[in-house]
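See structure below.
The values are calculated or read from the model by the stated rules, or taken from the named source; none is laboratory data. All of these numbers come straight from a predicted model, not from anything done at the bench. Note that each Cβ is placed from the backbone with ideal geometry, even for glycine, and that neighbours are counted across all protein chains shown. When the accessible area is computed, the model is the full protein with side chains, heavy atoms only, and any ligands, DNA or RNA have been set aside. Shrake-Rupley method; radii C 1.70, N 1.55, O 1.52, S 1.80 Å.
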Amino acid sequence: MRVFEFGCVLLIIVSSLVVVGKGEVYIVTVEGEPIISYAGGIDGFQATAVESDESIDTTSELVTSYGRHLEKKHDMLLGMVFEQGTYRKLYSYRHLLNGFAVHISPEQAETLRRTPGVKSVERDWKVRRLTTHTPQFLGLPTGVWPTGGGFDRAGEDIVIGLIDSGIYPHHPSFATHNTEPYGPAPKYRGKCEVDPDTKRNYCNGKIVGAQHFAQAAIAAGAFNPSVDFASPLDGDGHGSHTASIAAGNNGIPVRMRGHEFGKASGMAPRARIAVYKALYRLFGGFVADVVAAIDQAVYDGVDILSLSIGPNGPPAATRSTFLNPFDATLLGAVKAGVFVAQAAGNGGPFPKTLVSYSPWIASVAAAIDDRRYKNHLILGNGKILAGIGLSPSTQLNETYTLVAANDVLLDSSVMRYNPTDCQRPELLNKNLIKGNILLCGYSFNFFSGTASIKKVSETAKALGAVGFVLCVENTSSGKIFDPVPVGLPGILITDVSNSKELVDYYNITTARDWSGRVKSFKGTGKIGDGLTPILHKSAPQVALFSARGPNIKDFSFQEADLLKPDILAPGSLIWAAWCPNGTDEPNYVGEGFAMISGTSMAAPHIAGIAALIKQKHPHWSPAAIKSALMTTSTTLDRAGNPLLAQLTSETEAMKFVKATPFDYGSGHVDPTAALDPGLIFDAGYEDYLGFLCTTPGIDIHEIGNYTHTPCNNTMGKPSNLNTPSITISHLVGTQVVIRTVTNVAEEETYAITARMDPAIAIEVNPPAMTVKAGASSKFTVTLTVRSVTGAYSFGQVLMKGSRGHKVRVPVVVNGYPR
């Protein structure tokens, strides 16, 4: 303590010399342990540390007083270093990290870095969004919900915390008037903010907590209260969508444009929702706000955390992907027994595009499920052109004249408004369009979000058209087009060659005078029914946008001895709740539901399924839940064939290739099997520290800054972390990997086999073992380089139990010469 006080005295002398420049937000960690790991030693404050996988006792006066002590120390440090008015503290982090977020100049940040007692100073950085039929596709109504008492008990008393863009609490997916009344959440202690306009709070029994975090956004000048809302209200749509995927009510009719697209349900429809808004409409969010939200959520007592967010880029000061304020806070969350699901990222199909790296997080990739929407346009010459469009058909046995927007302009001067986008009906001649099919062009404005298919539909309707066709004439390779629900017949022709065929047909059949003006429209067509989905046995498949491995250990993109993503879940064309003022998707502005895609949609699927596992096995650790999800997943599609992954080809067409663990991790989630995995690979806080300490290139002082624990290298190598996957990114010669399994079922004998691509030899020992109920056993996997191919080899360890359990562990190895 004396050294720290002496340092502060010196800094009082120099602080007056600091010139305050342009302010920025910094996340600062300081000496001393946070609540979760404080083991005692300060007079007047008893230990508050929790064992691994144990939640913080928020009712304890010991916890409250030590938390106040930490916050007072933060305020004292800032007050002694800087003059009043030259800084603004935004948050004190006390529960999972010991530190604070502060708005200061870069010069002041440099002063803080030199201050005794300060461990790290990181400039804040931004995060972004990683933008229902799936319960049936996953087998929940028949395989999982009955084991917990039916859908009306699925997830009972489990609290899912969502770090997202807030919630629209009035949506039927979150309503309580048609459900059995909720009692108080047994362990949850979070608060509900009050709507500043209506003075009503955001909670209703289903929603048990609602808070917003925007201090860093405000300090950065990014926050606009008129559109971002200084409350938990969702101003975007994304947060309501993800919340309803995880825990929305069961059997909510999805109605749009006069059609019902089915019934929506969350994965755990009886689970409670705790909202921590840290994402905003226009700019995304800031890590300082997100860390504050996570810190609060864990303190409040959530069981599960769902994060459909990822960093815009690497932190400014940290080299390791595993050690920064964001990942370190999530490590603290896992230590407190909270399971964390995070979206893997939307940078696919390119390698090393993941934004979720750490072993304590379940990183979720996105799959296409078995439901596909298709439509077609039949031309007057009999040609059938495929497209997409969630729309009714034109009248059967009727054909209609085709009229192109650029041929029915009211005035040639309107060309500057891109009239072929069909966004402004006042630019087009209603008399020539009424009763016909309007042809429009799909320009760059649709990609940028300044034009929408919804607006095309509204334009066509306003002009009296019977329907519309949007033609894609230019596109980037691998661009995915999602079907959009519209009220009148409409179709998007996504294939450039089909669009060319349509344009050629239109030009041939349209008579023009010498100036190019149309004399008569003779081309005809009719639009098919696009409302009925087609169910494919080739599902699931890895979505094109889903981020791919290999995982990286630093921002020089050196590969890690850890497989990511961890698991695959539905994330393409997911129907879920939306908010009327949501603007994240221009095609769904003002709607109650939206069908959108992204690993953002995949993560809450896993969060909801994890809630069901937690309900059945309340004492399981986060690692045990993650293990159950991974070891029981499948690498086969519905037809029994190996999973495929979408990939871009050299032409504009998309192709499918055999997927690897870098695409899907362990495989596609199987919720029914995950409830009864047989064996689990458990791990805790000390194991994750061992992984960090044995990973080459990570500074042990940096580990200490975030974990307050000295390194222990008994693990030997990071590949010995007890995960349900094995990855060696740089194998020379032979390496032996150790794994420990724990039996969570009755006594069972397991036969253990392994297979691997030819370049790597694999051997497991023992070949069989009997594991008693509740007991643990070790086995080894020996891997040897046979030939150097310059690429990764893939394989698996398979454990088949005498009672029918199957445990599969993916193996990923890159061999190098001696």
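Observations on the structure shown:
- Members of region 99-111 that are crowded, with 22+ Cβ neighbours inside 10 Å and under 17 Å from M80 (Cβ atoms): G99, F100, V102, I104, Q108
- Restricting region 167-203 to residues that are of a type in the set (G, A, S), over 15 Å from I245 (Cβ atoms) and touching a strand residue (DSSP E or B) at 6+ places or on another chain (Cβ under 6 Å), the residue that is modelled with the lowest pLDDT: A185
- Of the residues making up region 441-468, just one is assigned to a strand (DSSP E or B) and out of contact with any Pro (no Cβ under 9 Å at 6 or more places or on another chain), namely G441.
- Filtering region 746-759 for residues that are closer than 30 Å to F555 by Cα and hydroxyl-bearing (S, T, Y) leaves an empty set.
- Screening L233 with (1) open to solvent by 10 Å² or more (accessible area, probe 1.4 Å); (2) modelled with pLDDT under 90 gives one miss only, at (2).
Table: residues versus (1) surrounded by 14 or more Cβ atoms within 10 Å (Cβ to Cβ); (2) within 18 Å of L402 (Cα to Cα); (3) in contact with a strand residue (DSSP E or B) (Cβ under 8 Å, 6 or more places away or on another chain); (4) among the hydroxyl-bearing types (S, T, Y).
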| site | (1), (2), (3), (4) |
| --- | --- |
| S448 | no, no, no, yes |
| T459 | yes, yes, yes, yes |
| L463 | yes, yes, yes, no |
| N474 | no, no, no, no |
| V486 | yes, no, yes, no |
| N507 | no, yes, no, no |
| A511 | no, yes, yes, no |
| G516 | no, yes, no, no |
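- The residue that is nearest to T198 (Cα to Cα), counting only those in region 214-229 that are among the small types (G, A, S) and out of contact with any Asp or Glu (no Cβ under 7 Å at 6 or more places or on another chain), is S226.
- Strands (runs of 3 or more DSSP E) lying entirely in region 253-350 (those with 1 or more residues that are basic (K, R), more than 17 Å from G608 (Cα to Cα) and at pLDDT 95 or above): 272-277
- Counting only residues that are under 19 Å from R129 (Cβ atoms) and over 17 Å from the mean Cα position of the chain (by Cα), region 284-304 holds 4 of them.
- Number of positions in region 695-729 that are among the polar types (S, T, N, Q), modelled with pLDDT under 95 and farther than 16 Å from K335 by Cα: 5
- Close pairs from region 295-320: first closer than 18 Å to L279 by Cβ and open to solvent by 10 Å² or more (accessible area, probe 1.4 Å), partner basic (K, R) and modelled with pLDDT under 95, Cβ under 6 Å, at least 6 apart: N312/K126; N312/R128
- Among the residues of region 575-600, the ones that are closer than 21 Å to F446 by Cβ and either open to solvent by less than 10 Å² (accessible area, probe 1.4 Å) or modelled with pLDDT of 90 or more (or both) come to 8 in all.
- Long-range neighbours under 9 Å by Cβ, at least six apart or interchain, first residue within 13 Å of P116 (Cα to Cα) and modelled with pLDDT of 90 or more within region 19-34, second of a type in the set (S, T, N, Q) and assigned to a strand (DSSP E or B): V28/S120; T29/S120; V30/S120
- Subset of region 735-759 that is within 18 Å of V813 (Cβ to Cβ) and of a type in the set (D, E, K, R) - its residue that is least open to solvent (accessible area, probe 1.4 Å): R739
- None of N722, N713 is open to solvent by 70 Å² or more (accessible area, probe 1.4 Å) and assigned to a loop (DSSP other than H, G, I, E, B) except N713.
- Residues of region 656-675 satisfying the condition of being among the aliphatic types (A, V, I, L, M) and open to solvent by 20 Å² or more (accessible area, probe 1.4 Å): V657, A673
- Considered as a group, the residues in region 40-90 that are within 25 Å of K191 (Cα to Cα), open to solvent by 40 Å² or more (accessible area, probe 1.4 Å) and among the small types (G, A, S) include one that is modelled with the lowest pLDDT, and that residue is S55.
- Checking each residue in region 89-111 for being assigned to a helix (DSSP H, G or I) and either touching a helix residue (DSSP H, G or I) at 6+ places or on another chain (Cβ under 7 Å) or over 10 Å from V28 (Cα atoms) (or both) picks out P106, E107, Q108, E110, T111.
- Residues that are part of a strand (DSSP E or B) and closer than 20 Å to A602 by Cα within region 637-675 comprise L644, A645, Q646, L647, H668, listed in sequence order.
- Selection from region 726-746 of residues that are under 11 Å from F681 (Cα atoms) and part of a strand (DSSP E or B): R739, T740, V741, T742, N743
- Check on V732, open to solvent by 20 Å² or more (accessible area, probe 1.4 Å), at pLDDT 90 or above and over 24 Å from R319 (Cα atoms): yes
- Among the residues of region 747-784, the ones that are part of a strand (DSSP E or B) and of a type outside the set (S, T, Y) come to 19 in all.
- Note on region 238-252: residues that are in contact with a strand residue (DSSP E or B) (Cβ under 7 Å, 6 or more places away or on another chain), modelled with pLDDT under 90 and of a type outside the set (V, I, T) total 1.
The rows are residues; the columns are (1) crowded, with 24+ Cβ neighbours inside 10 Å; (2) polar (S, T, N, Q); (3) part of a loop (DSSP other than H, G, I, E, B).
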site	(1), (2), (3)
L612	yes, no, no
P618	no, no, yes
A624	no, no, no
P677	yes, no, yes
E686	no, no, no
I698	no, no, yes
H701	no, no, no
N705	no, yes, no
